[in-house]
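K.L.:
My questions will all concern the structure given below.
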Amino acid sequence: MEQANPLRPDGESKGGVLAHLERLETQVSRSRKQSEELQSVQAQEGALGTKIHKLRHLRDELRAAVRHRRGSVKARIANVEPNRTVEVNEQEALEEKLENVKAVLQAYHFTGLSGKLTSRGVCVCISTAFEGNLLASYFVDLVIQKPLRIHHHSVPVFIPLEEIAAKYLQTNIQHFLFSLCEYLNAYSGRKYQADRLQSDFAALLTGPLQRNPLCNLLSFTYKLDPGGQSFPFCARLLYKDLTATLPTDVTVTCQGEEALSTSWEEQRASHETLFCTKPLHQVFASFARREKLDGSGLLIDCFHCTGNTSEK
């Protein structure tokens, strides 16, 4: 008579239960993950819906305020002589310009333009940025009257504000603000690059960085191997386009006997191309990485040479 093996069927039963439990846990984990993703999407949709509701509410309030003001003007002119019609038309034109300014500020708030109403008109704030970094902010206080005029501002004196205002302020307030934003953002971007060069890559500079207040003319000398004996490069960057953050004219020279070699001429030409196509601090970041790689390679070569000598 054969002896029964009670462990085999029981083991198979336990194995089946464990596998089933693992499948259930996987399904629960997958369901929980899908539920969390759905809740995240719903939360984002809710936040966007709230923001849209607030913006619409603000738009309705501004429209109501304009309608109320127009109604007041019409009520006041009911008893005015016919020869005052021209003044009323001018008042309505100014109110229309004020409404246009407010519409521009609402539409482009997230691009760096914002503002608030004042007793004279509107005060516009222009926040500059470069490569995602928030930089300086400037304001322009506009008086809404005929003609439109700038009451006060914090724009640097070397920014052609008067020239921009003469071109666009009376005819296209939106173009005036966007043009001014271009100049200020470009200036802040150039200044940011020069500041980063001085603060982060001073070890590669062999002399002071020379720049004018507008930061559209930079000159400096640098070496790719600060501890070496190579001759330094001399660079001159000119930004003819004051709305650009990359130079239009670049000149890189190298003095000394090494400047006559073909390799140094190729290196000089490659530097000019880099300065024309990349922000200044990014170019020097690539120089610094190259120097680290060259230094690491030199250490490895020395180690190998030492190892070979010891073996001999």
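K.L.:
Given R₀ = 22 Å, FRET efficiency for L62-S119 by Cβ-Cβ distance, to 0.05? Provide the component values of the computation, followed by the final result.
P.N.:
Working: r = 17 Å, r/R0 = 0.78.
According to the calculation, E is roughly 0.80.
K.L.:
With the crude spin-label approximation of a point 7 Å out along Cα→Cβ, what separation in nm comes out for R69 versus R32?
P.N.:
5.7
K.L.:
When the Cα atoms of the stretch 28-75 are enclosed in a convex hull and the volume is divided per residue, what value in Å³ results? Could you put the intermediate results ahead of the total?
P.N.:
Details: hull volume 1.4 nm³, N = 48.
Roughly 30 Å³ of hull volume per residue.
K.L.:
Add +1 for every Lys or Arg and -1 for every Asp or Glu among the other residues with Cβ under 11 Å from the Cβ of T243, and state the total. Walk me through the numbers before you get to the answer.
P.N.:
Values: positive: R190, K240; negative: E182, D241.
Charge balance near T243 sits at 0.
K.L.:
Could you list, in their original order, any pairs among K74/K167; K191/K278; K116/K167; K116/K191; K54/K116; K116/K146 whose Cα atoms are separated by more than 22 Å?
P.N.:
Working: K74/K167 33 Å; K191/K278 15 Å; K116/K167 24 Å; K116/K191 28 Å; K54/K116 17 Å; K116/K146 20 Å.
Table pairs above 22 Å Cα-Cα are K74/K167; K116/K167; K116/K191.
K.L.:
At a threshold of 8 angstrom on Cα-Cα distance, excluding pairs fewer than six apart, so keeping six or more, what relative contact order does the stretch 141-211 reach in percent? Could the numbers behind the result be given before it?
P.N.:
Numbers: 30 pairs, mean separation 12.2, N = 71.
This gives 17 percent for the stretch 141-211.
K.L.:
What FRET efficiency comes out for D195 versus Q267 if R0 is 30 angstrom and r is the Cβ-Cβ distance? Round to the nearest 0.05.
P.N.:
Details: r = 26 Å, r/R0 = 0.88.
Once rounded, the FRET efficiency stands at 0.70.
K.L.:
Next question. What distance in nm lies between label points placed 7 Å from Cα along the C-beta direction at R76 and N172?
P.N.:
Each label point is offset 7 Å from its Cα along the Cβ direction, giving 3.2 nm.
K.L.:
When the chain is fully extended, how far beyond the present Cα-Cα distance does E163 get from H151, taking 0.36 nm per residue of separation? Don't jump to the answer; show the numbers that get you there.
P.N.:
On the way: separation 12, 0.36 × 12 = 4.32 nm, distance 1.59 nm.
Difference between extended and current length: 2.7 nm.
K.L.:
Also: Beyond 25 Å, how much of the Cα-Cα pair distribution for the stretch 190-295 remains, as a whole percent? Could the numbers behind the result be given before it?
P.N.:
Details: 864 of 5565 pairs.
That fraction is 16 percent.
Each value in this text was obtained by applying a stated rule to the coordinates, not by laboratory testing. Small disclaimer: the values here were computed from a predicted structure and weren't measured. Cβ coordinates were reconstructed from backbone atoms using ideal geometry, including for glycine residues, and neighbour counts include every protein chain displayed.
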